[in-house]
1. Considering only strands (runs of 3 or more DSSP E) fully contained in the range B:73-183, which possess at least 1 residues that are of a type in the set (S, T, Y) and within 14 Å of another protein chain (Cβ to nearest Cβ)?
2. Of the residues in the range A:100-131, how many are open to solvent by less than 70 Å² (accessible area, probe 1.4 Å) and in a loop (DSSP other than H, G, I, E, B)?
3. When you go through B:R267, B:R340, B:R304 one by one, which is the residue that is open to solvent by 40 Å² or more (accessible area, probe 1.4 Å) and either more than 28 Å from B:M409 (Cβ to Cβ) or within 22 Å of the chain's Cα centre (by Cα) (or both)?
4. Taking the range A:15-52 only, how many residues are within 17 Å of B:P140 (Cβ to Cβ) and either buried (at least 18 other Cβ atoms within 10 Å of the Cβ) or in contact with a strand residue (DSSP E or B) (Cβ under 7 Å, 6 or more places away or on another chain) (or both)?
5. Considering the range B:89-115 alone, what residues qualify as being β-branched (V, I, T) and closer than 30 Å to B:E323 by Cα?
6. Provide a single number: the residues in the range A:80-89 that are open to solvent by less than 80 Å² (accessible area, probe 1.4 Å) and away from chain B (no Cβ under 14 Å).
7. With the structure loaded, tell me whether B:S208 is more than 14 Å from every other protein chain (Cβ to nearest Cβ), out of contact with any Leu (no Cβ under 6 Å at 6 or more places or on another chain) and open to solvent by 10 Å² or more (accessible area, probe 1.4 Å) or whether it fails that test.
8. Identify, by number, the condition in (1) within 13 Å of another protein chain (Cβ to nearest Cβ); (2) among the hydroxyl-bearing types (S, T, Y); (3) assigned to a helix (DSSP H, G or I) that B:Y199 doesn't meet.
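The values are calculated or read from the model by the stated rules, or taken from the named source; none is laboratory data. The shown structure was predicted, so the numbers you read here are calculated from the model rather than taken from an experiment. Here Cβ is always computed from backbone atoms with ideal geometry, including for glycine, and neighbour counts include all displayed protein chains. These area figures cover heavy atoms from the full protein model, side chains too; ligands, DNA and RNA do not enter into them. Shrake-Rupley method; radii C 1.70, N 1.55, O 1.52, S 1.80 Å.
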Amino acid sequence: MTDLQHAATISVLVQNAPGVLVRVAGLIRRRGVNIHSLSVGPTEDPSISRMTIVVDTAPERTEQFAKQLRKLVEVLRATSLDSTPAVDRELALIKVNVTPGTRLEIMEIANVFRASVVDLTDKTMTLEVTGRGEKVDAFVTLLTKYGIREMARTGQVTLVRGSQNT
Amino acid sequence: MARQITASKPPAPAVRSRQMNGAQTLVESLRREGVEVLFGHPGGASLPIYDALYDAQDIHHILVRHEQVAAHAAVGYARASGRVGVCTATSGPGATNLITGLTDAMMDSVPVVAITGQVPRPVIGNDAFQEADVTGITMPITKYNTLVMRAVDIPNAVRAAFHLAGTGRPGPVLVDIPRDVSQELCEPDFDEEPALPGYRPVLDGNPSQIAEAAEALSAAERPIVYAGGGILSSGATPELTALADRTGIPVALTLMGKGAMDETHPRCLGMLGMHGSAFANWAINRADVILAVGVRFDDRVTGRLKDFAPHARFIHIDIDPAEIGKNKPAHIPIVGDAKRVLAALVPLVRAPKIEAWWKQIEEWREKYPFRYRQRDGRISHQYVCDLLNRLTGGQAIVATDVGQHQMWMAQWYKCREPRTFISSGGLGAMGFGFPAALGAKFARPDKQVLALVGDGGFQMTMQDLITAVEHRLSLPIFILNNGALGMVRQWQSFFYRGRFSSSILRNPDFAKLGDAYGARGIRVERPEEVEGALRTALATEGVPCVVDILCDPEENCLPMIPSGQSVAEMILDD
């Protein structure tokens with residue numbers, strides 16, 4: 001997320017219905033704003049899904065996005081999380097080149113980041129890391145010199161801290 | 001807006017235990033919404049729907065010659081009546097022809113329901129004949145849309161569509177029905193309430209915000225009301241008028257707000273904005289407190305945002321929370337229905353001391369009223385607009401097309417009552433005026449309805465003259481014919497050094513064209529013929545009357561605040 005000028009997080013509860021993802025994405029797209037990450041998954045109620053959207057937009061526009069999202073009939077709740085203390089997490093799978101000489105070195109780095117090795121061959125190692133976007137970014141940066149073959153990131157998921165609902 | 005179920009309707013037949021197909025279910029659902037008129041054009045995917053309509057004696061289907069007309073007519077119907085307008089088209093090209101009209105309805109918050117046929121379920125997504133992803137295409141231009149995949153779901157979809165279209169901030173809703181769903185037998189339940197947990201429009205304003213707004217207005221030295229289409233949607237004309245009567249605060253109207261208040265009322269300053277009156281623009285830009293109601297700070301009103309009313313505190317009332325603070329921060333935001341919020345606000349406002357303010361406004365009004373001059377032997381567009389205003393007393397329903405004539409009519413036509421000025425405001429869709437007048441006439445057959453169009457825009461939808469002839473509509477169509485796309489020409493004249501690229505038109509003889517369609521055709525070439533022709537057309541009954549008025553090709557629409565500029569840069573005179 002280091003290359004983002006403004007990363008604004010919006011959490012959206014939607015009815016789990018066909019086309020909702022397109023409506024939400026389309027609403028953001030047509031305002032000329034890039035979606036940095038978008039994660040969707042079920043909530044405690046299977047008829048309701050939560051989308052966590054990170055958009056590249058100025059902070060003063062984030063509330064306008066949330067308001068526009070609330071106008072969608074299937075959107076039950078849309079919250080701009082920028083001014084709220086919240087827990088952010090992202091998961092990444094990273095497949096990195098290894099040689100007998102670098103294997104231990106990489107595992108040491110993984111230990112520092114509490115990443116785990118989820119797959120290993122004589123040429124590659126696949127690591128799983130969880131944390132805030134910045135932590136994942138830092139981990140990725142350190143692995144770059146070994147040669148990252150491929151990577152998949154889930155995008156950020158967020159919940160507000162404390163007893164208050166997101 | 002209440003759901004329209006008129007008491008005079010025959011009681012709904014006992015159909016619960018009876019099977020019917022999807023199309024019959026649709027027609028019964030429309031009947032239960034009180035639909036009396038719908039505008040449409042049939043095609044393959046909507047054949048079952050048309051077969052069901054064939055039996056519906058109480059639902060009047062108006063066959064148009066192009067689906068664009070169906071959508072614009074539904075808008076005209078809705079705006080003239082306050083009811084939900086309905087249009088229908090077949091799949092693919094039929095549905096895509098509705099797009100312009102639906103976008104207009106979206107931009108101008110008009111309650112419209114569009115019913116489209118879709119290809120049968122088994123071939124959806126296979127690029128079948130006349131298939132288009134209509135729910136996908138219309139997603140950003142509808143308030144809501146839905147693809148109905150079971151006949152039994154039709155009643156719920158239709159109820160939801162009418163509820164969403166007509167309540168909150170109104171807008172278009174599209175219901176897409178595959179042909180085999182229309183043919184599928186089902187046992188419909190017409191009484192099921194649609195569940196819309198994510199749709200809860202806020203109607204009542206926050207009382208403490210309203211009290212704060214009342215304080216700000218009471219203490220203002222240079223207050224003004226900036227009122228728009230939201231007044232008409234919510235029926236808040238009496239409340240707005242009461243505010244002006246009680247407090248003396250001047251009221252400026254947007255293009256969409258024309259008719260929100262009697263424009264001959266001494267407190268009404270008429271239209272503001274790009275082609276609004278100089279005095280209304282000067283007034284709002286000098287104001288210290290602005291009560292914005294049912295408006296969205298459109299760029300055609302504000303010009304360059306940072307220079308718009310720089311000294312003012314803004315009170316912004318709107319039913320759509322997303323409009324508040326969208327373009328201009330509101331100091332006192334109030335989310336709610338204009339009628340309810342104004343009703344709560346008016347009794348709390350003490351008449352502010354604004355004699356000096358009014359003196360200033362009257363000076364401005366005197367210094368620069370709307371004015372025009374007739375060049376030798378040429379017909380001024382503004383003279384025609386002024387004359388139409390005088391001949392109708394501002395009591396007719398006027399539908400305009402888009403361009404210079406639209407702005408001139410907005411300047412000269414003094415609406416006396418709500419829902420009498422129908423124009424494509426936000427979208428600015430040429431081709432809108434005549435079909436909108438057609439729809440309005442079906443909504444208000446008792447009322448004088450007229451279309452005022454340009455020679456460019458009329459040619460986009462004039463094929464439906466035959467529809468007006470077929471239904472024997474008393475509908476005068478006045479063409480302000482300057483042989484040009486006048487507004488394009490004007491901008492080229494002002495900003496492109498008079499390089500009239502593709503803006504000069506070669507036109508047919510519109511009067512003869514009217515004759516060919518079986519309408520009455522009148523051609524007017526000289527100023528002294530104008531009044532007689534207008535009188536004849538306004539009095540023509542049982543047939544549309546096409547009046548081709550050859551106007552001054554060089555007349556420009558002023559005042560004008562050039563796009564993206566401020567009131568300081570207003571162009572006043574040629």
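1. Details: elements: B:85-89, B:112-118, B:144-147, B:172-178.
By residue number, B:144-147.
2. As a first pass, look at the range A:100-131 and keep what is open to solvent by less than 70 Å² (accessible area, probe 1.4 Å): A:101-102, A:106, A:109-110, A:113, A:115-117, A:121, A:124-131.
Among the residues that remain, those that are also in a loop (DSSP other than H, G, I, E, B) are: A:101-102, A:113, A:115, A:121.
Residues in the range A:100-131 being open to solvent by less than 70 Å² (accessible area, probe 1.4 Å) and in a loop (DSSP other than H, G, I, E, B): 5 in total.
3. Working: B:R267 fails: either more than 28 Å from B:M409 (Cβ to Cβ) or within 22 Å of the chain's Cα centre (by Cα) (or both); B:R304 fails: either more than 28 Å from B:M409 (Cβ to Cβ) or within 22 Å of the chain's Cα centre (by Cα) (or both).
Among B:R267, B:R340, B:R304, only B:R340 is open to solvent by 40 Å² or more (accessible area, probe 1.4 Å) and either more than 28 Å from B:M409 (Cβ to Cβ) or within 22 Å of the chain's Cα centre (by Cα) (or both).
4. 9
5. Applying the first criterion (β-branched (V, I, T)) to the range B:89-115 yields B:90, B:96, B:99-100, B:103, B:110, B:112-113, B:115.
B:T96, B:I99, B:T100, B:T103, B:V110, B:V112, B:V113, B:I115, listed by residue number.
6. Looking only at the range A:80-89, we keep the residues that are open to solvent by less than 80 Å² (accessible area, probe 1.4 Å), and these are A:80-82, A:84, A:86-88.
So of that shortlist, the ones also away from chain B (no Cβ under 14 Å) come out as A:81-82, A:84, A:86-88.
Going through the range A:80-89 one residue at a time, the tally reaches 6.
7. On the way: more than 14 Å from every other protein chain (Cβ to nearest Cβ): yes; out of contact with any Leu (no Cβ under 6 Å at 6 or more places or on another chain): yes; open to solvent by 10 Å² or more (accessible area, probe 1.4 Å): yes.
Spelling it out, B:S208 is indeed more than 14 Å from every other protein chain (Cβ to nearest Cβ), out of contact with any Leu (no Cβ under 6 Å at 6 or more places or on another chain) and open to solvent by 10 Å² or more (accessible area, probe 1.4 Å).
8. (3)
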